[in-house]
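S.K.: Just dropping this structure here.
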Amino acid sequence: MQKLLSLIERITGNVGVIAAWLVVPLVLATAYEVFSRYLLNAPTVWAFEIGYMMMGSHFLLGAAYTLRQGSHVRVDLIYGSVSPKTRAVIDVAGYLFLILPFMLWLSWGLWDYFETSWVDMETSGHSSWNPVVWPYRLVFLIAIVVLTLQIVGEIIKGVQVLTGKSSTGGAA
């Protein structure tokens, strides 16, 4: 189990680094658009779509890393005042019975969403640039699959706490 957890967290960490670096082309594209629009009076046809695709990719790809780091918002009315084993029970039950089934269903649906855009070579329709959207939808799918993997990792951490193999668990 520890090897699987380490693999999942390595994948999540690498995807998190990629997500962080997506800010660079987002800033460069936005800065170029501002320069082009206001100083050259020649706005681009691609900046809006690059902006929402990069920002969306940054947000989605960062979700699993954020979960790994325990940085998602948590309503802490009871959770913070209970023992690590009780927190592990809450985590395992919540992830296993509520979140994991939803994420598996979402991953399945996103595969169809990606596949349709790939086969039809669907375009965005938001600008005159009108790029194909399958790369963005592939990122969407990958991000959700990696988040699902990290949820499995969080379940493993909770089980380790419950079995006494760890005292800290997941995102406490």
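The values are calculated or read from the model by the stated rules, or taken from the named source; none is laboratory data. These numbers were taken from a predicted model, which means no experiment stands behind them. Cβ: placed from backbone, ideal geometry, glycine included. Neighbour counts: every protein chain shown. Accessible surface is based on the protein model in full, side chains and every heavy atom, while ligands, DNA and RNA are left aside. Shrake-Rupley method; radii C 1.70, N 1.55, O 1.52, S 1.80 Å.
S.K.: Hey, could you check the stretch 1-23 for residues that are over 18 Å from S71 (Cα atoms) and among the polar types (S, T, N, Q) and say which is least open to solvent (accessible area, probe 1.4 Å)?
M.R.: Looking at the filtered set, the residue picked out is S6.
S.K.: Would you call G70 open to solvent by less than 60 Å² (accessible area, probe 1.4 Å) and part of a helix (DSSP H, G or I)?
M.R.: No; evaluated as a whole, the condition is false for this residue.
S.K.: Could you check the stretch 90-135 and list, in sequence order, the residues that are of a type in the set (F, W, Y) and part of a helix (DSSP H, G or I)?
M.R.: Residues satisfying the conditions are Y95, F97, F102, W105, W108, W111, Y113, F114, W118, W134.
S.K.: Restricting the search to the stretch 24-49, which residues are among the β-branched types (V, I, T) and open to solvent by 40 Å² or more (accessible area, probe 1.4 Å)?
M.R.: V24, V27, T30, V34, V45 - these are the residues of the stretch 24-49 that are among the β-branched types (V, I, T) and open to solvent by 40 Å² or more (accessible area, probe 1.4 Å).
S.K.: From the residues in the stretch 67-111 that are among the polar types (S, T, N, Q) and touching a residue at least 40 places away in the same chain (Cβ under 8 Å), which one is nearest to T168 (Cα to Cα)?
M.R.: Looking at residues that are among the polar types (S, T, N, Q) and touching a residue at least 40 places away in the same chain (Cβ under 8 Å), I get Q69.
S.K.: Take I144 and decide whether it is in contact with a helix residue (DSSP H, G or I) (Cβ under 8 Å, 6 or more places away or on another chain), without any contact (Cβ under 8 Å) to a residue 60 or more places away in the chain, in a helix (DSSP H, G or I) and of a type outside the set (G, A, S).
M.R.: No, not satisfied.
S.K.: Does the stretch 121-150 hold any residues that are modelled with pLDDT under 95, among the polar types (S, T, N, Q) and either closer than 27 Å to I99 by Cα or open to solvent by 30 Å² or more (accessible area, probe 1.4 Å) (or both), and which are they?
M.R.: Those that are modelled with pLDDT under 95, among the polar types (S, T, N, Q) and either closer than 27 Å to I99 by Cα or open to solvent by 30 Å² or more (accessible area, probe 1.4 Å) (or both): S127, S128, N130.
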